[in-house]
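Novice: Quick one: the structure is below, questions incoming.
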Amino acid sequence: MRDLCTETGVEAELVVSHGQTVRHDITDGAVTSTLQIGQPAWIAEATGAPVLSDVRARDVAAGGQGAPLVGILDSLLVGDVEAPTAVLNLGGIANITVLAPERDPLAFDTGPANALIDILARRITKGEAGFDRDGELAARGRVDEELLTELLADPYYQLPAPKSTGKELFHADYLDGFLGPRTHLGEHDAIATVTALTARTVADACHAHGVTTVIASGGGTRNPTLLGRMASELGPGITLTSTDQAFGCPKVPKKPSLWRCSDG
């Protein structure tokens, strides 16, 4: 944190430390436990600034899903919108904040982003790669529609927002429960299918909330196979862009220049 402040020339007045989540359990849509690591005292000592921490645990204690600041910060980043807009983060889990005129922000997890993709990437490369670099592995395969249909039947996707999930659900044993009976399925077809799962579940969540623009960030934006599939699932009426494209210029325009999925 101190190095970041030095590199950017920023003097922190206040630091908010979410912490690194190592466990997040949900039962029947309610968070039953959550655990983060990261000592705020070290951050305070390094930066000389007061540190607000344990915000995730505090939100859960109050009956929330554990991400109290996401909607607020995404709203500040994007500003006023003329039509429903989704700010998407493609990490291990995919989460979106839906911003709409005259409505409070709605933030929730849509399902896995890279969690299942990374598992198969490690297997295919025998541990040499921890992720599907440039989406090359998925690009070699074909989506197994039967497997995709079974994956989409997970009850999580039908839960109403706000909701949260994690690798406590979407892990290797979970995936093997679907792959085990399919010994005929090639490894590249398997990773192509879980990539399609991420794209479909994000798109379904956006469609459910009438989203017309998606602004994406996170490691998944470096996977062109995933983004291409997502653009297709969203359809030509929805704009897909990245935070780099929307806000990467020195001066953010009032209405960022975006590209439509039909334009590639």
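The values are calculated or read from the model by the stated rules, or taken from the named source; none is laboratory data. In this text the structure is predicted, and so the values were computed from the model without any measurement. Positions of Cβ are backbone-derived with ideal geometry, glycine not excepted, and every protein chain shown enters the neighbour counts. The protein model used for the area step is the full one, side chains on, heavy atoms only, and it has no ligands, DNA or RNA in it. Shrake-Rupley method; radii C 1.70, N 1.55, O 1.52, S 1.80 Å.
Novice: Got a sec? Which helices (runs of 4 or more DSSP H) wholly within the stretch 68-178 have at least 3 residues that are modelled with pLDDT of 95 or more? Spell out the reasoning first.
Specialist: Working: elements: 70-78, 115-124, 136-139, 145-152.
Counting at least 3 such residues, we get 115-124, 136-139, 145-152.
Novice: Sticking with this structure for a sec: Of Ala107, Ala129, which residue is open to solvent by less than 60 Å² (accessible area, probe 1.4 Å), more than 22 Å from Leu88 (Cα to Cα) and touching a helix residue (DSSP H, G or I) at 6+ places or on another chain (Cβ under 9 Å)?
Specialist: From the options Ala107, Ala129, the qualifying one is Ala129.
Novice: What number of residues within the stretch 1-22 satisfy the criterion of being over 17 Å from the mean Cα position of the chain (by Cα), surrounded by 12 or more Cβ atoms within 10 Å (Cβ to Cβ) and farther than 16 Å from Leu52 by Cβ?
Specialist: 2
Novice: To continue, here is another question. Residue by residue through the stretch 23-34, note down the ones that are farther than 18 Å from Pro155 by Cα and crowded, with 16+ Cβ neighbours inside 10 Å.
Specialist: Once the filter is applied, which keeps residues that are farther than 18 Å from Pro155 by Cα and crowded, with 16+ Cβ neighbours inside 10 Å, the stretch 23-34 yields only Thr34.
Novice: Taking the residues in the stretch 49-67 that are of a type outside the set (S, T, N, Q) and part of a loop (DSSP other than H, G, I, E, B) as candidates, determine which candidate is modelled with the lowest pLDDT.
Specialist: Gly66
Novice: Could you identify the single residue in Ser257, Ser242 that is modelled with pLDDT under 95, surrounded by fewer than 17 Cβ atoms within 10 Å (Cβ to Cβ) and hydroxyl-bearing (Ser, Thr, Tyr)?
Specialist: Ser257
Novice: While we're looking at this one, here's another question. Considering the stretch 49-62 alone, what residues qualify as being without any contact (Cβ under 8 Å) to a residue 12 or more places away in the chain and surrounded by fewer than 17 Cβ atoms within 10 Å (Cβ to Cβ)?
Specialist: Arg58, Ala61, Ala62
Novice: Which condition number in (1) buried (at least 16 other Cβ atoms within 10 Å of the Cβ); (2) under 22 Å from Phe170 (Cβ atoms); (3) touching a residue at least 12 places away in the same chain (Cβ under 8 Å) is the one that Ile37 fails?
Specialist: It fails just one condition, (1).
Novice: Scan the stretch 147-180 for residues that are over 19 Å from Ile191 (Cα atoms), open to solvent by 50 Å² or more (accessible area, probe 1.4 Å), within 18 Å of the chain's Cα centre (by Cα) and not charged (D, E, K, R) and report the count.
Specialist: 4
Novice: Give all pairs with beta carbons closer than 7 Å in which a residue from the stretch 3-25 that is part of a loop (DSSP other than H, G, I, E, B) meets a residue that is surrounded by fewer than 10 Cβ atoms within 10 Å (Cβ to Cβ) and at pLDDT 80 or above; count only pairs at least 6 apart in sequence or on separate chains.
Specialist: From residues that are part of a loop (DSSP other than H, G, I, E, B), the pairs are Gly19/Ile37.
Novice: Of the residues Asp144, Asp109, which single one is acidic (Asp, Glu) and under 15 Å from the mean Cα position of the chain (by Cα)?
Specialist: Asp109
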